[in-house]
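Single-structure report; data block below.
The values are calculated or read from the model by the stated rules, or taken from the named source; none is laboratory data. Keep in mind the model is a prediction, meaning the values are calculated, not measured. Cβ: placed from backbone, ideal geometry, glycine included. Neighbour counts: every protein chain shown.
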Amino acid sequence: MLVTVTGGTGFVGAHTVAELVRAGHRVRLLVRGGSAVGAALRPLEVPPGAVDAVLGDVTDERSVAAAVRGADAVVHAASVYSFDRRRRAEMRRTNARGTEVVLDAARRAGVGRVVHVSSTAALFGPGVRVIGDDSPVGASREPYAATKAASEEVARRYQRQGAPVVISRPPALLGPHDPKLGDQVRRLRDTLRGIMPVWPAGGLQIGDVRDTAVLHAALLDPEVTAAHPLGAHFGPGHHLTTREYVDAVRRASGRALPAVFPPAALMGPVGRLTDLVQPVWPWHIPAEHEAIATVGAAVRVDPAASTLGLKPRPFADTVADTVRWLVDTGAVTPRRTGGR
C-alpha cells in the first residue's frame, strides 16, 4: 500500500512512518524541506529507499494534490503542537486550514482511507473532565485546543459526507527520537535541568509516541478496522497526576528534583502574565495559561473508550527511554540523570 504522510518529519509523523515501513507499506512524505527527512527518519532506522517526498505545505492545494495522487491511504499528522500564544496564527493555518486542504485533496483523488491525527485536546472545554467515544468537539478558547477542535470538526464533517476518514486522538506524548524537541519532551528536559520546580496540581492523559504509531498503522489494516468500526479511536495512554509524573521522572533519573504543586487556580494569573510577556521576551517561558489550565482540568479518557484494544506500555519505560535519548543526544548532561 502507498501511504502519503503529512507531518512525517515531526514527532508523531516520524514514528508513524517508521511503523508503516515496518508493516510493509511504501511511504510518500509531504515536506517543506527535503533535508529534514533523513534527520527525522534515520534514527528510527527507516531505510532511505523506503520513502519518497513531495515538497510543499499542507495549506498549499497544488503540492497536497501532488502528494496524495495515486496514494491508497493518507495519514494526516501535520500539526503545530504548542501552548505558546505567539504561534496562534500558525496553529490556525496548519491545524485547521491544513486539514481542510488535505481532506479535500484526498477526496478528490479517491483515496481509500484517511487517518486524521487529532488530539484528546480537541474534546476539551469548560467543565469537561472525562472524554470518550461519544464526546462532542470541544469548545476551548485556548489556542492549541481550539485549533485542534476546529480540525476535528473538519474531519467529522467529511465523515458525515461519507468520506473514508477515521480519527485518532493521541494524548500528550513522550518517547525517544523527537526530531523537533516538541513541547512535552522539552518540558521533561527542563524538569531534568531543574528549571521546572513548580507544577500546577492536577493531572494529564499521557502516552508513548510509539504506541500511537502502532495505532496509526493498525487503522490502515482492513481486518482491524472491520472489527472496530467506530469513526475515532484514542491513542493508548495513562492518566497521571502531576505528582505522579514528577515521581516517574525522579525514578528514571535517580535525582530528587525538588518540586511544589500549588493549586492550578492560583497559577492561572501567572499563566496570563506569561502570555502577555512572552511576545516581547526573547526566551520561551514554560508557564503558559493553556498548559496550566489543561493540567488543572485534569481531563481523563474514559477507560471504555476505543484504543483498538491496544494497551499502553508502562509509563516508567516511556520516561526511561526518553531520558536516555535526551542524554544520548546531548539535550541533557549525564549528571542530570545521576550519571546514567
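Quick notes
- Filtered by the rule that a residue be surrounded by fewer than 24 Cβ atoms within 10 Å (Cβ to Cβ) and either among the aromatic types (Phe, Trp, Tyr) or in contact with a strand residue (DSSP E or B) (Cβ under 6 Å, 6 or more places away or on another chain) (or both), region 139-166 gives TYR158, GLN159, PRO164, VAL166.
- Residue within region 244-259 that is at pLDDT 90 or above, of a type in the set (Ser, Thr, Tyr), more than 23 Å from the chain's Cα centre (by Cα) and over 30 Å from ASP72 (Cα atoms) present: yes
- Taking (1) more than 19 Å from the chain's Cα centre (by Cα); (2) in contact (Cβ under 8 Å) with a residue 12 or more places away in the chain in turn, GLY110 satisfies each apart from (2).
- Residue match in region 33-50 (condition: crowded, with 24+ Cβ neighbours inside 10 Å, part of a helix (DSSP H, G or I) and either touching a strand residue (DSSP E or B) at 6+ places or on another chain (Cβ under 6 Å) or not small (Gly, Ala, Ser) (or both)): yes
- When every residue of region 291-301 is checked against the conditions, none turns out to be loosely packed, with under 14 Cβ neighbours inside 10 Å and of a type in the set (Lys, Arg).
- Among the candidates VAL130, VAL54, the residue that is of a type outside the set (Asp, Glu) and either touching a Lys or Arg at 6+ places or on another chain (Cβ under 6 Å) or crowded, with 24+ Cβ neighbours inside 10 Å (or both) is uniquely VAL130.
- In summary, GLN278 fulfils each of the numbered conditions (1) closer than 19 Å to TYR144 by Cα; (2) exposed (fewer than 14 other Cβ atoms within 10 Å of the Cβ) with the single exception of condition (2).
- Qualifying position, being under 18 Å from VAL117 (Cα atoms), surrounded by fewer than 20 Cβ atoms within 10 Å (Cβ to Cβ) and not aliphatic (A, V, I, L, M), among ASP178, ASP221, ASP211: ASP221
- 1 or more residues farther than 25 Å from ALA213 by Cα: qualifying helices (runs of 4 or more DSSP H) within region 230-340: 242-253, 264-277, 289-297
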